[in-house]
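Here's the structure, in structure tokens; my notes come after.
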């Protein structure tokens, strides 16, 4: 039996005895410097050096390979967060690019944008004009009533209660109409500002067709 085993090749002998040969990498020497500055060598990867790179040496001391440092949990989480942030930025950039192309299709020129601005403001301007007319009528009635009241005062009498009430009512109605006028003007200013902002963004692309083909400076604001 022993003679038979002795005649077998080494690898066959090891397998026959149930002993697996070491992999080629196990024959190397692992070397690293720990975080405390200690030089460590081993015949297998060094757990204490996972945070730094390890050199895999041949028997003659030459470097066969280098094992990169294993990132810490915090480093992996930070890398994942950066990747997610970069992915969101890429997605937003693509949305911005598509939005700018939609705007350029909708407004191929400054004239097209100004035409839509005028159309958008027209109903607000009409409503504002009507309100201002109502306000002027109310102010006219209040002024006429105030003339009557002043006449009663000059004759030494008191202002009639119904006249004083009418003046107060007209003054209240005038104040209400002034609030409406102010709100209508603010809404028109808001709409016009949105067109002004859009005009500023689109002008560079109208003057530079190459930039319009792939707008890089688009923003994600909605059109008016």
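Points worth noting:
Conditions tested, residue by residue: (1) loosely packed, with under 14 Cβ neighbours inside 10 Å; (2) touching a residue at least 60 places away in the same chain (Cβ under 8 Å); (3) within 24 Å of residue 185 (Cβ to Cβ).
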{"site": "66", "(1), (2), (3)": "yes, no, no"}
{"site": "73", "(1), (2), (3)": "yes, no, no"}
{"site": "86", "(1), (2), (3)": "yes, no, no"}
{"site": "122", "(1), (2), (3)": "yes, no, yes"}
{"site": "131", "(1), (2), (3)": "no, no, yes"}
{"site": "135", "(1), (2), (3)": "no, no, yes"}
{"site": "149", "(1), (2), (3)": "no, no, no"}
{"site": "152", "(1), (2), (3)": "no, no, no"}
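- Checklist (1) surrounded by 11 or more Cβ atoms within 10 Å (Cβ to Cβ); (2) outside the structural domain of residue 191 (by TED's automatic domain parsing) applied to residue 47, failing item: (1)
- Of the candidates 146, 185, the single residue that is within 53 Å of the chain's Cα centre (by Cα) and either closer than 30 Å to residue 120 by Cβ or at pLDDT below 95 (or both) is 185.
- Hey, residue 94 under 29 Å from residue 189 (Cα atoms) and assigned by TED's automatic domain parsing to the domain that holds residue 184 or not: no
- Scanning the range 104-113 for residues that are assigned to a helix (DSSP H, G or I) and either under 13 Å from residue 201 (Cα atoms) or under 28 Å from the mean Cα position of the chain (by Cα) (or both) turns up 104, 105, 106, 110, 113.
The values are calculated or read from the model by the stated rules, or taken from the named source; none is laboratory data. Since this is a predicted model, take the numbers as computed values, not measurements. All Cβ positions, glycine included, derive from the backbone under ideal geometry; neighbour counts span all protein chains shown.
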